[in-house]
Amino acid sequence: MNQLFVFYSPDNLIYPEMKAVFEAKNNTCRLTFQWPSTLTFIGQSHDLKKIDPNELTREVGLWEYSCFEFFIKNKNNQEYIELNFSPNQAKWNAFHFTHYRSPIRETKKIIVTEVNLGPTFYSIQFAKPDFEYSIHPKVILFQELRNSALLLSDFHHPKSGPDFHLFSIS
């Protein structure tokens, strides 16, 4: 199964510069975020590197900086998992939610098996979840030149503003 995601900015315009590709094969999943070399953001890596999953450090609050996020929604109930990855450091975390915006708690249900990043991509491979799921990628980029955050979602933002967890109640 392969899926291509486009992203929407907070004003609900398609942001064509950023894409995500999700692939599921056998017992593994891979999600790759891609962007053009003209898009620069704080924390961006300019080198090609492979990060050993054993060297990844769990950290809460990565969403306060440039961060790639994706959500794995259980199709059979309201539960979902949120994953956060730093685009430049070996930092990540995974959280389990029983329903929309339930109290945050770390989970070990996701096993990361490979991380690759370069000047225009970030790729994460992990063991396939043991439940029927849907994927919802998100992006938070603090732009170097604009001194602002760019919040991108795989679906339209509500009029009240960005809410990356909203997919879980739709």
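Just a few scattered comments:
- The stretch between S134 and Q78 holds 19.0 nm of extra length on full extension. This uses 0.36 nm per residue minus the Cα-Cα distance.
- Net length available on complete extension from I169 to D52 is 38.6 nm, with 0.36 nm assigned per residue and the Cα-Cα distance removed.
- Fewest-first sequence of E64, E82, E59 by Cβ atoms within 10 Å of each Cβ: E64, E59, E82
- Residues H96, H156, arranged from fewest to most other Cβ atoms within 10 angstrom of their Cβ, appear as H156, H96.
- Cα-centred dipole magnitude for the chain, charges only on beta-carbon of K, R (+1) and D, E (-1), debye, nearest 20: 240
- Entries of K19/K159; K73/K128; K50/K109; K19/K109; K108/K128 with Cα pairs more than 20 Å apart: K19/K159; K50/K109; K19/K109
- Value of Rg/Rh across segment 10-83 [Cα atoms, Kirkwood radius]: 0.97
- Within the listed set H136, H157, H99, the Gaussian network model of the chain (springs between alpha-carbon atoms below 10 Å) gives the highest mean-square fluctuation for H99.
- Per-residue extension of 0.36 nm, minus the Cα-Cα distance of T98 and V21, leaves a gain of 25.1 nm for this segment.
Only the coordinates and a few stated rules stand behind these numbers; no lab work does. Note that the coordinates shown come from a computational prediction; the quantities given were computed from them, not determined experimentally. Every residue, glycine among them, receives a Cβ derived from its backbone with ideal geometry; neighbour counts consider all protein chains shown.
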